[in-house]
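Remarks on the structure that follows.
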There are 2 protein chains.
Amino acid sequence: MTARTSSESARVIPEATVARLPVYLRALTALAERGIRTCSSEDLAAAAGVNSAKLRKDLSYLGSYGTRGVGYDVDYLRYQIAREIGVTHDWPVVIVGIGNLGHALANYSGFRSRGFRVVALLDADLERTGELVAGVPVRPFDDLEAIASEHSVAIGVIATPAAAAQDVADRMVAAGVTSILNFAPAVISVPEGVDVRKVDLSIELQILAYHEQRKAHEHARDEHPDLPEMPAVVGGDQ
Amino acid sequence: MTARTSSESARVIPEATVARLPVYLRALTALAERGIRTCSSEDLAAAAGVNSAKLRKDLSYLGSYGTRGVGYDVDYLRYQIAREIGVTHDWPVVIVGIGNLGHALANYSGFRSRGFRVVALLDADLERTGELVAGVPVRPFDDLEAIASEHSVAIGVIATPAAAAQDVADRMVAAGVTSILNFAPAVISVPEGVDVRKVDLSIELQILAYHEQRKAHEHARDEHPDLPEMPAVVGGDQ
DNA sequence: TAGATTGTTAATCGATTAACAATC
DNA sequence: TAGATTGTTAATCGATTAACAATC
């Protein structure tokens, strides 16, 4: 087995694990708010909605922060995960596109409380310049470069219509943004080294609809138990 | 090999594939709007942002809707995917919690255009009853059961604060909702057979922050090429 | 010491991908 | 027929899970 120096903990955390770390962080915060100082992997897994084997496996990628026979110190583990994710310091963020969704994002308190500071709201519609949203003035989209360099913005949020998304992404990348959260219903392409995550409300609903439809089929079959589960035709084509 | 009757196409589509079908559907719609009648797996994969091998594998779970040497008929494939997902007919949806996010969701045109019909907006704050949002009146949360049974609502959207989410979910399930899209930053538990999908804005940002932080480390190392890539201590403990 | 719970192993499962035979 | 492109196979990769030795 290979160990590393203490200053740089062992690494390459699987993507699936990275995506769950914020969930664990939130669950630990909820436990702390209820005055709980120590928890087992079973407790935390329940609070996070995963099974405890997966939780322990995930945490094992970060290091060895529990005590056998005892469990985890809530505050200590919380700090370690926050440090791992990088939310122990502040991240300046710009939001482009201040429609209904941009409005909601600007007002979302969960950003600020988790280390994300909205340094600017940008909109292509100059009519909106100066309007205050969540206490932050809306500025022209063309101010992007100036703002990004002034605040060293690395993370941008796109909340524009689909048609504008690629242009906004290009401008963001040119301005030095290297991580983009895209709410526009469009696929955007970015150079190597730039991360894009996509949140698409109607896609989520469509995934639910698919499963909903299958449930309906299941019920239909329940009502016709004479239909075979697998009406197989061996060797049949198509 | 086993084939099925034509009325019920072969099945059990992997989750990862199901999650991409709406992406393909949207890409096909975009191609159709550009007047494109036929496309290769390479074309469609590019439009959807995946590689073509994955696309073909995904489509193969639905059936055999392409023509070797030619490609796919855009409209035909679009219909087949829409049918598979279940968005050829309308799904009535209720949205609970009409804050900033609920507002944005109610106004989101992408729902209606993809077969989702918002039949009611509900809010626990009775002060808001009667307010029109996107042309739909806000109603008291207690109307949930009546509305759900009147419209046979199977899909519910939670856009409340975290503290209310579990209660809303319980009431939805009791009212016959079997699929929930949860925007509240809380883990909700539901009985077997109910599907929950979760969209969490700050979790997405935290995942980006993690990768952003790693990029910063990479750069730091670039500037200190004398640091070994893996300062390994073989046999060291921890 | 006895009981509890972590961290790790190893088996299993599911997803991705390249390559290519089938076939238009 | 020659060229193009699908649908499928098989190899690889990554994620999940149960089980348990390590150890508090």
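Charging the Cβ of each Asp and Glu at -1 and of each Lys and Arg at +1, and nothing else, the dipole of the protein assembly as shown about its Cα centre rounds to 700 debye.
Residues considered: A:169, A:209, A:19. Largest GNM mean-square fluctuation over chain A, using C-alpha springs under 10 Å, is found at A:209. Within the listed set B:117, B:139, B:214, the Gaussian network model of chain B (springs between alpha-carbon atoms below 10 Å) gives the highest mean-square fluctuation for B:214. When residue A:192 is represented by a point 7 angstrom out along its Cα-to-C-beta vector, the spacings to that point in the other copies are 5.0 nm, nearest first. Just checking the listed ones, B:131, B:15, B:150: in the Gaussian network model of chain B with Cα springs under 10 Å, the one fluctuating most is B:15. Per-residue ellipticity at 222 nm, computed for the protein assembly as shown from helices alone with -39500 (n - 2.57) per DSSP H run of at least four residues, works out to -13500 deg cm²/dmol. Each other copy holds its own label point for residue A:37; taking that point as 7 Å from Cα along Cα to Cβ, the gaps run 7.5 nm, nearest first. The other copies place their residue B:89 label points at 5.6 nm from this one, listed shortest first, where each point is 7 Å from Cα along Cα→Cβ. One residue of chain B places its C-beta nearer than any other to the axis carrying B onto A; that residue and its whole-Å distance are B:104, 2.
Bear in mind these aren't lab numbers, they're just calculated from the coordinates by the rules spelled out. Owing to the predicted nature of the structure, the values given are computational and were not obtained by experimental measurement. So basically every Cβ, Gly included, is an ideal-geometry build from the backbone, and we count neighbours across all protein chains shown.
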